Amino acid sequence: MGNLRIVLVSGLLLISTDGGAAFAQSLTVASRVTANLLPVLEAEEVTPVPQASVCTALAFRADPDGRPVIPAGARLLNAGIPEDEITDAVLEGLSLAFTGSGLKLGKDLVLLTGKLAWVPQGDAQLMVATFERGSFVGFFDSHTQNVRERLLFGVSGTQVCLVPG
C-alpha cells in the first residue's frame with residue numbers, strides 16, 4: 001500500500017502543480033523536489049530551520065564557536081510516515097518525478113542523473129542527487145549545454161533535509 005500511495009500522490013502532485021500557483025512560486029530544482037516530497041512523506045516544512053536538526057549533518061562550515069552552520073537554502077521536512085520508510089520514499093519520489101521523461105520546469109527539462117544511494121554518517125543517512133537541467137526544446141541536442149545541479153539530502157529520525165549543493 002505504501003508504494004501505491006507514493007505513486008498516486010506523486011502523480012497527482014505533478015498534475016495539480018503544473019501551471020498552478022504552487023508551481024509559479026519557484027522554478028528551482030530544490031523547490032520542486034520539496035513540493036514533490038511533501039505529500040510523498042506526508043510531511044510539513046519547518047521554517048526557519050532550527051540548529052538542532054539533521055541539516056547540520058550537511059553543513060559545509062562551522063561558526064567561530066565550532067558549531068555547524070546550517071547551509072543557505074536548506075529545507076527541513078518533518079515526515080509523517082514511519083521512520084523506516086522515509087529513505088525508500090525519498091528515492092521513489094525522486095525517481096518517479098525526475099527519471100524517464102523528466103520533469104518540465106518552466107521552459108526547462110530536469111532529469112535525475114546518476115545513481116542514488118544513502119550513506120550512513122553518524123545518526124544520519126546522507127545522499128547526493130544530481131540533476132541535469134536544460135532547455136526543453138533542445139535538451140537532447142548534442143550542441144546544447146545543460147546545467148548540472150546537485151542536491152544534498154540528510155535523513156535522521158523523521159527529519160529530512162535537502163540543500164542545494
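The values are calculated or read from the model by the stated rules, or taken from the named source; none is laboratory data. Please read these numbers as outputs of a predicted model, since none were measured by experiment. Heads up, the Cβs are rebuilt from the backbone with ideal geometry, glycines too, and the neighbour counts pull from every protein chain shown. Side chains included, ligands, DNA and RNA excluded: accessible areas come from the protein's heavy atoms. Shrake-Rupley method; radii C 1.70, N 1.55, O 1.52, S 1.80 Å.
Of note, Asp108 does not satisfy the criterion of being closer than 30 Å to Pro48 by Cβ, surrounded by fewer than 17 Cβ atoms within 10 Å (Cβ to Cβ) and out of contact with any His (no Cβ under 9 Å at 6 or more places or on another chain). May I ask you to verify whether Leu103 is touching a strand residue (DSSP E or B) at 6+ places or on another chain (Cβ under 7 Å), surrounded by fewer than 20 Cβ atoms within 10 Å (Cβ to Cβ), of a type in the set (A, V, I, L, M, F, W, C) and in contact (Cβ under 8 Å) with a residue 12 or more places away in the chain? So Leu103 fails the test. Counting only residues that are out of contact with any Phe, Trp or Tyr (no Cβ under 6 Å at 6 or more places or on another chain), closer than 17 Å to Glu92 by Cβ and at pLDDT 95 or above, the stretch 117-145 holds 3 of them. Of the listed requirements (1) open to solvent by less than 40 Å² (accessible area, probe 1.4 Å); (2) under 17 Å from Val33 (Cα atoms); (3) more than 14 Å from the chain's Cα centre (by Cα); (4) of a type in the set (Val, Ile, Thr), Thr113 misses just one: (3).
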